[in-house]
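Q: One structure coming up, written as structure tokens, with questions to follow.
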Amino acid sequence: MVAFDFIAFDADDTLWHSERLFAEAQKQFTQMLSKYHDPEWINDRLYKTKFAYSHFGYGSKAFALSLIETAIE
């Protein structure tokens, strides 16, 4: 077994500051659509759709497209 002296993590500090905004937007989105589907379905569908747009990276473009597509479904 190989021993490690240290492990480094490369984190995007810009996401640390904006993640709460994405979470709040998703919460409001789920509440808005909850009269059409249960929140678990909405969040599961949104997660799968965000993954499908992962080629755009993690940011507002992929997130907005995912919200739109999930709402249409």
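Q: Tell me, what % of the accessible area of the stretch 23-73 is carbon and sulfur with a 1.4 angstrom probe?
A: Ligands and nucleic acids excluded, carbon and sulfur give 59 percent.
Q: Average the reciprocal distances over every distinct pair of alpha-carbons in the chain, invert the result, and give the Kirkwood radius in Å.
A: When all Cα pairs of the chain are included, the Kirkwood radius is 14.0 Å.
Q: Give the accessible surface of the chain per residue, rounded to a whole number of Å², with probe radius 1.4 Å and ligands, DNA and RNA excluded.
A: Counting only protein heavy atoms, the per-residue value for the chain is 84 Å².
Q: So which trypsin sites (Lys or Arg not before Pro) in the stretch 13-50 end up in coil per DSSP with only 16 or fewer other C-beta atoms within 10 Å?
A: When the trypsin sites (Lys or Arg not before Pro) of the stretch 13-50 are filtered for loop state and at most 16 Cβ neighbours within 10 Å, LYS35 remain.
Q: Using a Gaussian network model on the chain with a 10 Å cutoff between Cα atoms, which of ALA11, ALA23, ALA62 fluctuates the most?
A: Judging by the Gaussian network model, the answer is ALA11.
Q: Please work out the Cα center distance from the stretch 33-53 to the stretch 54-73, rounded to the nearest Å.
A: Distance between centres, Cα-based: 11 Å.
The values are calculated or read from the model by the stated rules, or taken from the named source; none is laboratory data. It should be emphasised that the depicted structure is a prediction, and the values quoted were computed from it without experimental measurement. Heads up, the Cβs are rebuilt from the backbone with ideal geometry, glycines too, and the neighbour counts pull from every protein chain shown. Just the protein is used for accessible areas: all its heavy atoms, side chains included, with ligands, DNA and RNA removed. Shrake-Rupley method; radii C 1.70, N 1.55, O 1.52, S 1.80 Å.
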